[in-house]
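The values are calculated or read from the model by the stated rules, or taken from the named source; none is laboratory data. Not measured: the values here are computed from a predicted model. Because the Cβ atoms are built from the backbone with ideal geometry, glycine has one as well, and the counts that use them run over all protein chains shown. Only protein heavy atoms, including side chains, enter the accessible area calculation; ligands, DNA and RNA are left aside. Shrake-Rupley method; radii C 1.70, N 1.55, O 1.52, S 1.80 Å.
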Amino acid sequence: ASTKPIRSEKKKNPVSLFQTGGDPPKEKKTKKKAPPKAAESEEETLETPQKNSNKKGKGKKSKKSKEERAPSPVIEVDNLEEFVLQPAPQGVTIKCRVTRDKKGMDRGLYPTYYLHLDNDKKVFLLAGRKRKKSKTSNYLISIDPTDLSRGGENFIGKLRSNLMGTKFTVFDNGANPDRANADWSNVRQELSAVVYETNVLGFKGPRKMTVIIPGMNADNERVPIRPRNDNDGLLMRWQNKNMDNVIELHNKAPVWNDETQSYVLNFHGRVTHASVKNFQIVHSSDPDYIVMQFGRVADDAFTMDYNYPLCAVQAFAIALSSFDGKLACE
């Protein structure tokens, strides 16, 4: 009898956590709970590389990753723009790799970040770089690794911070509200916001992140959030506790490990280097369903895995926010 409640708990479809508009989805194909389990990719986080690596978990992971990577090569570059803005398919973890390029004149100050699928073909998805003449941190995101200009046709989104560098907003490539057309249909959407708790700036401890994203409608499509002014954006809605069509996520709190004298998170082999930047994003109602995880695997290489309902632009921009200089407490 005691297992019954647990079973009914397991049947809870993680997709329903992100539903805000209309009825829940009719298709039940996402009931398979196995793939989200694969998304419980966790490992070591902040201070020291893992000593007693969980071999069982790693073995299992590599087997699963083969199944999940199989669809990746199908992504054609023709529909790259569509793919990077589309939520991850339900039940599939999209595994990516972020590389940081610091070479060249001012790349040290303004590195370029590249996002590729972490599969055999290493399909390029996105590039991002901080704009130079901007008062606040402002990263441009492009679907072309060589064209990172604001006016270029490959511009797909941007990440903008507040003056403190603790709050970030992610926009798509729509128009600024000042340049809107009559019916506002061309106005940019806000894709997500990231808030870092300010005490991270002074303490050598794990960061605390809140991620705010638009909810999903009954057809599992993102509810468009097109603020007409600064008081209507995701951050203001969240601050005013106006959570209609908005979902709040958090980073999973790491656990202190006395043996290694460090904070630890379990990434099951997807993250191999200790870093304050390593994180996992979850919904408080289902901390086992990893919406996104990010972590260091080499000096300038990181893995980034994301699940429904995030798209590549949202996940990449959240990852870029963690690189921002003012937050660095490594």
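In terms of overall dimensions, the C-alpha atoms belonging to segment 176-270 reach 62, 34, 23 Å along their principal axes, ordered largest to smallest.
Magnitude of the charge dipole for segment 116-193, about its Cα centre and with charges confined to Cβ atoms of Lys, Arg (+1) and Asp, Glu (-1), is about 560 debye. The stretch between Arg131 and Asp288, if pulled fully straight at 0.36 nm per residue, gains 52.9 nm over its current Cα-Cα span. Accessible surface area normalised per residue over segment 132-246 is 49 Å², counting heavy atoms of protein chains with a 1.4 Å rolling probe.
What's the local net charge at Ser149, with K and R +1, D and E -1, over the other residues with C-beta under 11 Å away? Residues near Ser149 contribute 0 overall.
Cross-link pairs exceeding 18 Å in C-alpha to C-alpha distance, out of Lys130/Lys167; Lys102/Lys132; Lys132/Lys208; Lys122/Lys252; Lys135/Lys277, comprise Lys132/Lys208; Lys122/Lys252; Lys135/Lys277. Placing pseudo-labels 7 Å out from each Cα toward the beta carbon at Ala298 and Asn162 gives an inter-label distance of 3.7 nm. The slack in the chain from Arg179 to Asp232, taken as 0.36 nm per residue of separation less the alpha-carbon distance, amounts to 17.4 nm. Available extension along the chain between Lys102 and Glu153 is 15.9 nm, counting 0.36 nm per residue and deducting the alpha carbon span.
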